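Inspection log for the structure reproduced underneath, given as structure tokens.
The values are calculated or read from the model by the stated rules, or taken from the named source; none is laboratory data. Bear in mind the structure is a predicted one, so any value in this text is a computation, not a measurement. Cβ sites come from the backbone with ideal geometry, for glycine too, and all protein chains shown count toward neighbours. We work out accessible area using only protein heavy atoms, side chains counted, and drop any ligands, DNA or RNA first. Shrake-Rupley method; radii C 1.70, N 1.55, O 1.52, S 1.80 Å.
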Amino acid sequence: MNDFTPIQEINAPSIKAAKVQLFIKREDLNHPTIQGNKFRKLYPNLLQAKKENQNTLLTFGGAFSNHIYATAAAGKEYGFNTIGIIRGEKPKKIGSTLRFALEQNMTLHFVSRSEYRQKESIDFLESLKQKFGSFYLIPEGGTNSLAIQGCQMITQEAVRQLPDINYICSSVGTGGTISGIISGRLSQQHIHVLGFSSLKGDFLQKEVEALLPQIHSNWNINTDYHFGGYAKHNKQLISFINDFKQRFNIALDPIYTGKMMFGIFDLIQKGKFPKGAKILAIHTGGIQGIQGFNERYNNVII
Ligand SMILES: *Cc1c(COP(=O)(O)O)cnc(C)c1O
């Protein structure tokens, strides 16, 4: 984590025509497996777990979760046992994310959806302690205050690499990453932070407000590009992702970064950014999800 992740410019006729500039910060290159925002979020938690002399990490996620994948990889690399509490019954055929987690020696524990919903209840966590012994708890998606601090680094690197950026864009799931990006601006509060929700609904603005360590203005969450909801997609999104890969040689995932980048291109084309704007998109990673997506949907992503 000593080197800054690279920033590249994306050149396309539609961007040029709108008289803006688009850059991408390649957080997907920060680690081959822990990758992207999940590495940023986990890293301070790994340090904290070591400090507390915990040698087991326990966390929550779905069967295709980037966070489960990253936690399993981080456990292997940094010497922790890992336990993944997985939402839903054990699938007949284990997908690529959980296969990888098992290869990293993560213990998988499948719970019903109703049980999973209790993931924050004291009683449920106590029953997990009875079952697995003592552990360092990392919430679903990895979002906690240490994770937010880890994500503040994204902005702090970015403003040193590109001091005159006007917009930073990121995909939003639980809101932890964008909270870090917003609160990491320090003296650069004029930079507008624009989140793209990969979930349906407009509850995220409030959730991010609650996660932010203090009140910040000059940010908002766009809810126009979720494509029907979490992990929902259509042909238009898939062909955008494939086209982007061919033109710029950068893979985007269909759950988060593909939707964000689709949204950015669409807003640029519609003239929603002022002329001269320098827009930085954060590539938050998530590339591992492509394999599992292709297993389910007939290899649609190239
Ligand atoms: C998890 C994830 C997100 C969402 O991050 P939050 O902190 O939960 O908002 C965005 N992009 C990728 C690639 C992710 O894996």
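Listed conditions (1) within 30 Å of H192 (Cα to Cα); (2) out of contact with any helix residue (DSSP H, G or I) (no Cβ under 9 Å at 6 or more places or on another chain) are all met by L128, apart from (1). With respect to the conditions (1) open to solvent by less than 40 Å² (accessible area, probe 1.4 Å); (2) in contact with a helix residue (DSSP H, G or I) (Cβ under 7 Å, 6 or more places away or on another chain), L98 falls short on a single one, namely (2). Scanning region 267-302 for residues that are in a helix (DSSP H, G or I) and open to solvent by 60 Å² or more (accessible area, probe 1.4 Å), we see that the one that is farthest from the ligand (Cβ to nearest atom) is Q269. For region 175-202, filtered to residues that are in contact with a Gly (Cβ under 7 Å, 6 or more places away or on another chain) and among the hydrophobic types (A, V, I, L, M, F, W, C), the residue that is nearest to the ligand (Cβ to nearest atom) is I178. For region 224-234, the criterion of being touching a residue at least 60 places away in the same chain (Cβ under 8 Å) and closer than 27 Å to V159 by Cβ is satisfied by no residue at all.
Which of the residues that make up region 151-174 are within 18 Å of Q48 (Cα to Cα) and either open to solvent by 10 Å² or more (accessible area, probe 1.4 Å) or away from the ligand (no atom under 16 Å from the Cβ) (or both)? Before the answer, list the steps.
Start the filter on region 151-174 by keeping residues that are within 18 Å of Q48 (Cα to Cα), which leaves 151-153.
Answer for region 151-174, where residues must be within 18 Å of Q48 (Cα to Cα) and either open to solvent by 10 Å² or more (accessible area, probe 1.4 Å) or away from the ligand (no atom under 16 Å from the Cβ) (or both): Q152, M153.
Of everything in region 178-195, what is open to solvent by less than 10 Å² (accessible area, probe 1.4 Å) and either in contact (Cβ under 8 Å) with a residue 60 or more places away in the chain or closer than 13 Å to I165 by Cβ (or both)? Give them in sequence order. Across region 178-195, the qualifying residues are G180, I181, G184, R185, I191, V193. I215 meets the conditions (1) away from the ligand (no atom under 16 Å from the Cβ); (2) crowded, with 24+ Cβ neighbours inside 10 Å; (3) of a type in the set (A, V, I, L, M, F, W, C) in every case but one. The failed one is (2).
Of the residues screened, A101 is one that is under 30 Å from C169 (Cα atoms), among the hydrophobic types (A, V, I, L, M, F, W, C) and part of a helix (DSSP H, G or I).
Given region 2-98, what helices (runs of 4 or more DSSP H) lie entirely inside it while holding 3 or more residues that are touching a residue at least 12 places away in the same chain (Cβ under 8 Å) and within 16 Å of the ligand (Cβ to nearest atom)?
On the way: elements: 13-17, 36-51, 66-78.
It comes to 36-51, 66-78.
Take the residues of region 38-57 that are open to solvent by 20 Å² or more (accessible area, probe 1.4 Å) and either modelled with pLDDT under 95 or within 18 Å of the chain's Cα centre (by Cα) (or both): which is nearest to D253 (Cα to Cα)? Residue satisfying both the conditions and the ranking: K38.
So which residues in region 163-177 are over 15 Å from P213 (Cα atoms) and either basic (K, R) or in contact (Cβ under 8 Å) with a residue 12 or more places away in the chain (or both)? Spell out the reasoning first.
Here is the first cut: in region 163-177, the ones over 15 Å from P213 (Cα atoms) are 163-174.
Answer for region 163-177, where residues must be over 15 Å from P213 (Cα atoms) and either basic (K, R) or in contact (Cβ under 8 Å) with a residue 12 or more places away in the chain (or both): D164, I165, N166, Y167, I168, C169, S170, S171, V172, G173, T174.
Scanning region 111-122 for residues that are within 20 Å of N144 (Cα to Cα) and free of Cβ contacts under 8 Å to residues at least 40 places away in the same chain turns up R117, Q118, E120, S121, I122.
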